[in-house]
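**Student:** Quick one: the structure is below, and I'll ask about it shortly.
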Amino acid sequence: MRQSGAAQGAQGRRAQAVNLSVSVVVYRPDVAQLERTLSTLRDSWTVLRRAAPGLSASVFLVDNGGAPDMTPTVRAFAGLDIPFTVIAGHGNVGYGAGHNLALVRSNSTYHLVLNPDVELAADALEKALAFLDANAGYGLLTPYICDETGDQQFLCRRFPTVLDLLVRGFFPATLRAPFASRLARYEMRDVVNERDPVINPPIVSGCFMLFRTEVLLRLNGFDDRYFLYFEDYDLSLRTHDVSDVVYLPAVRILHHGGGASRKGWLHVRLFVTSMVRFFSRFGWRWL
């Protein structure tokens, strides 16, 4: 496999050592949503610091294009003694490669890959870091994820077939009904709920991936050959080679994301291109 951006050598100065680093990649973001994401990140950090006053953090916003003026945000994080670094000028390099630009600058115990369409519960960071501190064998944590209506998003996945992905991503609801049982299995609905942790779900969502930084660096970060879509599938599967993964429903987030088919033909093309790359690497399963 070609080395990812994280493995090609640090570009720029590494940050001072901290307990938690966070990277957020944006491209023409919804500014109001981005502000909510960063506001809930600050609120969750404040709760964590009350429980553990000595902790430190750094945040990287990777501007793949179209980011707003972040000066007020820099000041807001400075008020919490959190360096907020904007990485810009590299163009739209893709989602995974963008996070790798932050990873090579990070110097932390834990690193959070965070989408700009996510809102954190106030106690999310406190519960997540407490679990990882107490359970050294886990290198990646994924949370309970709900949508705007409060319904759970089942974003832990078993290894998919091509049919699973096409039905879930592109079929209208009326045509998905005959495939309900197979989609439920793909989405792990038989074991994933709002109460019980799940050990080693094969694939977890890239909207919130809390890593031990040493594990993420050992994996060379994301494979930047995926421009968008399936980079989290790829990274999830590779994580199992070096560490255990945990779904921890006590950690909660709200995710506003939508499927590729609802975002236009460019996203459909990107989805299909990345799907072909994913199956070509990990093996094709059709039905």
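Here, each number is a calculation from the coordinates, and none is a lab measurement. Because the structure is predicted, anything quoted here is derived from the model rather than measured. Backbone-built Cβ (ideal geometry, glycine too); neighbour counts: all protein chains shown.
**Student:** To the nearest 20 debye, what charge dipole does the chain have about its Cα centre, counting +1 at the Cβ of each Lys and Arg and -1 at the Cβ of each Asp and Glu?
**Tutor:** Around 680 debye, computed over the chain.
**Student:** Got a sec? How would CYS146, CYS156 order by Cβ neighbour count within 10 Å, fewest to most?
**Tutor:** CYS146, CYS156
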